[in-house]
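A.B. asks: So that we are looking at the same thing, I have put the structure below in structure tokens.
The values are calculated or read from the model by the stated rules, or taken from the named source; none is laboratory data. Just so we're clear, the structure is a prediction, and the values are computed from it rather than from any experiment. Virtual Cβ from ideal backbone geometry, glycine too; neighbours counted across all protein chains shown.
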Amino acid sequence: MKFKKNILCIGAGYVGGPSMAMIAHKCPDYRVTVVDINKARIDAWNSAELPVYEPGLDAIIKKTRGKNLFFAKDIENQIQENDIIFVSVNTPTKTFGAGAGKAADLQFLEKTARQILEHSQSPKIVIEKSTLPVKTALAMERILASAKGKITFDVLSNPEFMAEGSAMTDLENPDRVLIGSRETQSGLTARAQLVDIYARWIPAEKIITSNIWSSELSKLVANAFLAQRVSSINSISALCEKTDADISEVARAVGMDGRIGSKFLKASIGFGGSCFKKDILNLVYLCSYYGLQEVADYWESVIKINEYQQDRFMANILGNMFNTLAGKKICILGFAFKADTGDTRESPAVYITRKLLAEHAEVVISDPKALKNAAIDLAHDEGKISYIEDPYRAASGCHALAILTDWELYKKLDFQKIYKSMIKPAFIFDGRNFIDHKKCFDIGFNVYPIGKPALSRFEDQPSV
Ligand code: UDX
Ligand code: UDX
């Protein structure tokens, strides 16, 4: 079959895989190929067990793989054969040199740009899909502009706003698609080609265009604003615990103000995931770089509150369990950074587990999708850790449950049965305010939510 267009994506990760699957699904007349330097990852995309868990992804891969969606290893050939190239390689926080701990590490992006340059024999549109600091496109353009001969490259920015766990519905029905370009004739022509792809299934008014720098910055700012809401509500949860106010009631009352809105106001153990912390640190670095220290400090406080929230949760466990966890068994229900994903990158569960191990507690980890990643994360940690998928078996013989991920299945657990199998007094620390606290208290548990009065049989609450 002759395809209308050939599209390539470099980087078969959480973003590259699902977003290309959606384009292939919506544009059956386009050929979409995804490559990655990690060959094992490509094998996994070609197997029955995909490297990324997302509701609805399996079905779309089944429909498209081998028809107009391909996962391939021959990166150089693919660069030659495709005209539109998405770049979705990872851009982690730099761990060395200038900006270490804050700036984005752009080495993979630069390597990819050089690879594109080296193997291109015809003009290409190169699209940044990775989240990047403002002005990265300039570096990309400069590298690509060093092409000998007549090959031209147009660089576009098309940040991906989908969230993990709801990637497929977000991709199918996004709030907006943002495409940034240079405002030159060739930049605008390239932009129009990308608009054409999305226009296949996204209403025109949701496809917005901007200059390339606004596009790059908008992604960082969107993530910073979302994370800031979580830190804002989490900061107030600390105050609720001191004043007998209830954070869910406060969030509902505040969120009903149309100017504020109700989303991202769920108090929690803190935000995790590969993006929020990385992108805010990146924003902080950019602000400092441009001499805007007050602005940098403002955004850095969002991360500080997130760390504070995790420390508070841990202090609550320790304080309420009589200030000693040595030899006690704690069951962690949920290790993924949010529900409906197996991803554990920056998950608060990693931090909490390490704190528990430091107190010489024995940790039993349960999660329906993230146990494999949890075992990788904790491979070098010393202490007693076990991984048990079945929550009933995991909880049996434990002194406490710590609910760290809002998996729907935890709402439906038979807590009576769990209580019977646990050591008494049995505790629940609900880091997501997710289960029925009153019911669990009535069963016999001492229940400690976030930002709400504890339901405890012990009178003097230690102050944390
Ligand atoms: C990544 C970025 O981290 C994020 O900022 C951006 O918004 C989208 O891309 P994600 O897809 O979650 O997010 O990252 P990851 O799952 O690590 O996937 C990146 C892939 O790129 C990896 O499979 C890696 O092997 C691949 N890669 C990396 C290349 O193919 N070539 C490289 O040079 C470097
Ligand atoms: C985020 C952005 O939402 C998405 O637009 C961007 O493309 C990538 O980064 P993601 O990290 O996948 O997506 O998940 P998200 O739903 O934003 O959740 C991030 C973290 O915040 C999770 O740990 C989640 O549990 C937490 N969270 C979210 C809260 O604690 N409370 C809330 O009310 C919402």
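A.B. asks: Could you list, ordered by first residue, the pairs with Cβ atoms under 7 Å in which the first is in region 88-111 and free of Cβ contacts under 8 Å to residues at least 24 places away in the same chain and the second is crowded, with 20+ Cβ neighbours inside 10 Å and not in a loop (DSSP other than H, G, I, E, B), at least 6 apart or interchain?
C.D. replies: The qualifying pairs are 94/104.
A.B. asks: Also: Considering region 1-59 alone, what residues qualify as being in contact with a Phe, Trp or Tyr (Cβ under 8 Å, 6 or more places away or on another chain) and either free of Cβ contacts under 8 Å to residues at least 24 places away in the same chain or of a type in the set (Lys, Arg) (or both)?
C.D. replies: 4, 5, 26, 31, listed by residue number.
A.B. asks: When you check residue 12 against the structure, is it at pLDDT below 95, closer than 30 Å to residue 277 by Cα, buried (at least 19 other Cβ atoms within 10 Å of the Cβ) and within 13 Å of ligand 1 (Cβ to nearest atom), yes or no?
C.D. replies: no
A.B. asks: Being within 13 Å of residue 178 (Cα to Cα) and buried (at least 17 other Cβ atoms within 10 Å of the Cβ) narrows it down to one residue among 208, 202, 233, 247; which is it?
C.D. replies: Answer to the check: 202.
A.B. asks: Return the residue satisfying two criteria in turn: it lies in region 140-180 and is part of a helix (DSSP H, G or I) and away from ligand 1 (no atom under 16 Å from the Cβ), and of such residues it is nearest to residue 214 (Cα to Cα).
C.D. replies: 141
A.B. asks: Something else about it: In the set 378, 371, 404, which member is away from ligand 2 (no atom under 16 Å from the Cβ), within 30 Å of the chain's Cα centre (by Cα) and crowded, with 19+ Cβ neighbours inside 10 Å?
C.D. replies: Just one listed residue meets the conditions, 378.
A.B. asks: Among the residues of region 456-464, are any at pLDDT below 95 and touching a Lys or Arg at 6+ places or on another chain (Cβ under 8 Å)?
C.D. replies: Yes, region 456-464 contains a residue that is at pLDDT below 95 and touching a Lys or Arg at 6+ places or on another chain (Cβ under 8 Å).
A.B. asks: If you don't mind, there's one more thing I want to ask. Quick check on my filter: what residues within region 93-122 are of a type outside the set (Ser, Thr, Tyr), assigned to a loop (DSSP other than H, G, I, E, B) and in contact with a helix residue (DSSP H, G or I) (Cβ under 9 Å, 6 or more places away or on another chain)?
C.D. replies: 94, 99, 101, 102, 103, 106, 121
A.B. asks: Could you check region 254-290 and list, in sequence order, the residues that are within 17 Å of residue 450 (Cβ to Cβ) and either surrounded by fewer than 18 Cβ atoms within 10 Å (Cβ to Cβ) or within 16 Å of ligand 1 (Cβ to nearest atom) (or both)?
C.D. replies: 254, 255, 264, 271, 272, listed by residue number.
A.B. asks: Return a yes/no flag: does region 134-146 have any residue that is within 22 Å of the chain's Cα centre (by Cα) and away from ligand 2 (no atom under 16 Å from the Cβ).
C.D. replies: Looking for residues that are within 22 Å of the chain's Cα centre (by Cα) and away from ligand 2 (no atom under 16 Å from the Cβ), one finds at least one in region 134-146, hence yes.
A.B. asks: Considering (1) under 18 Å from residue 278 (Cα atoms); (2) polar (S, T, N, Q); (3) part of a helix (DSSP H, G or I); (4) within 16 Å of ligand 2 (Cβ to nearest atom), say which one residue 353 fails and leave the rest.
C.D. replies: Among (1) under 18 Å from residue 278 (Cα atoms); (2) polar (S, T, N, Q); (3) part of a helix (DSSP H, G or I); (4) within 16 Å of ligand 2 (Cβ to nearest atom), residue 353 violates only (1).
A.B. asks: From the set of residues in region 185-211 that are basic (Lys, Arg) and in a helix (DSSP H, G or I), which is farthest from the chain's Cα centre (by Cα)?
C.D. replies: 191
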